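Quick notes on the structure that follows.
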Amino acid sequence: MRINSNYLKAGVAALALSFACGAQAKLNIFACEPEYAALAKELAPDAKIYAATTAMQDPHQVQARPSLIAKMRQADLAVCAGADLEVGWLPMLQMKSANAQVRSTDKGLFYAAEHTQTLDKLAQVDRSMGDVHAQGNPHLHFDPERLLEVAKALSAKMVSLDPDNRAAYESALADFSQRWQAAIAGWQSQAAPLKGKKVIAYHTSFRYLFNWLGMEQVGDLEPKPGLPPSTGHLASLQGRAGQGDVMAIIVASYQDERGANWLGERTGLPVVNLPMSVGGNDDAQNLFGLYDSVIHLLLGVNR
Ligand SMILES: [Zn+2]
């Protein structure tokens, strides 16, 4: 039987075309934290995105569960904060998932902290300091300018992994950058009354937010990073609050409120629970909502 070779060529061409369009390479993205799942969604709306943690979980301490291992095994790209935030759990996931693609930043591993300057890098660290962040503070998603730098680098990483869809990634980045920059201007003017305000907070979770808005954290509910507030430490914070210049006590959505509530009751200061990430409250459904909500909640206790 003879097959008309022109038909065959046409058929092969049609198949190739349908493969290119229909089965468009969609990146499979594993995000260590919900803020990076949200950022990936802005930059690659069609990608398959999985967030390993929620805003109600402590991102420093995560169980390397079988479901996480299975998700990482399928990933083309893993997006994490870096600066050692995930040092206690990501290496285990990488080892157990045995997915070479997300083992190295030369390939599909992306650390946000490698694409911007972190605050509070330490020259040297010893154990007496507690569970400190020697590579600088990794909670950088609360600095909108830094997050934009990360977005640019992340978009470039997506292009390098999936060059056929370069145009789509570039247009998503341009769209996000434009909306984000407009939002930054709005947030800065809304948050102007917060400038110079002092707070007591839990851990250095909002270090970048306070830095950006010109606020100051004058006390930390943690006596040392990673340790819960002790009675003696809370008493010293009560003394600090007694100076009368503290606006509020801040906890993040995943943190234990008990120490903050104890201090709030004794000092009369409001306790504000801020979403640590997207999904941390009903208003924080994407990165824009997260910033809107955090600023709204802080303005609500401003006095
Ligand atoms: Zn931390």
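Points to keep in mind about this one:
- Residue in the stretch 69-78 that is closer than 27 Å to Asn165 by Cα, assigned to a strand (DSSP E or B) and touching a residue at least 12 places away in the same chain (Cβ under 8 Å) present: yes
- Criterion applied to Leu234, Leu227 was being open to solvent by 50 Å² or more (accessible area, probe 1.4 Å), of a type in the set (A, V, I, L, M, F, W, C) and not assigned by TED's automatic domain parsing to the domain that holds Leu148, and the one residue passing it is Leu227.
- Picking from residues in the stretch 49-65 that are polar (S, T, N, Q) and within 16 Å of the ligand (Cβ to nearest atom), the one that is nearest to the chain's Cα centre (by Cα) is Thr53.
- Checking each residue in the stretch 140-160 for being crowded, with 23+ Cβ neighbours inside 10 Å and among the β-branched types (Val, Ile, Thr) picks out only Val150.
- Among residues of the stretch 29-48 being open to solvent by 50 Å² or more (accessible area, probe 1.4 Å) and farther than 13 Å from Leu154 by Cα, the one that is farthest from the ligand (Cβ to nearest atom) is Asp46.
- Glu114 more than 16 Å from the ligand (Cβ to nearest atom), open to solvent by 70 Å² or more (accessible area, probe 1.4 Å), touching a Gly at 6+ places or on another chain (Cβ under 9 Å) and charged (D, E, K, R): yes
- Only listed residue being away from the ligand (no atom under 16 Å from the Cβ) and at pLDDT 95 or above, chosen from Leu85, Leu68, Leu90: Leu68
- Close pairs (7 angstrom Cβ cut-off, 6 or more residues apart or separate chains): part of a loop (DSSP other than H, G, I, E, B) in the stretch 275-303, of a type in the set (Phe, Trp, Tyr) anywhere: Met276/Tyr254
- Only one entry in Leu234, Leu227, Leu221, Leu213 is among the hydrophobic types (A, V, I, L, M, F, W, C) and at pLDDT below 95, namely Leu227.
The values are calculated or read from the model by the stated rules, or taken from the named source; none is laboratory data. Just so it is clear, the model here is predicted, and its values are computed rather than measured. Backbone-built Cβ (ideal geometry, glycine too); neighbour counts: all protein chains shown. Side chains are part of the model used for accessible areas, which takes the heavy atoms of the whole protein and leaves out ligands, DNA and RNA. Shrake-Rupley method; radii C 1.70, N 1.55, O 1.52, S 1.80 Å.
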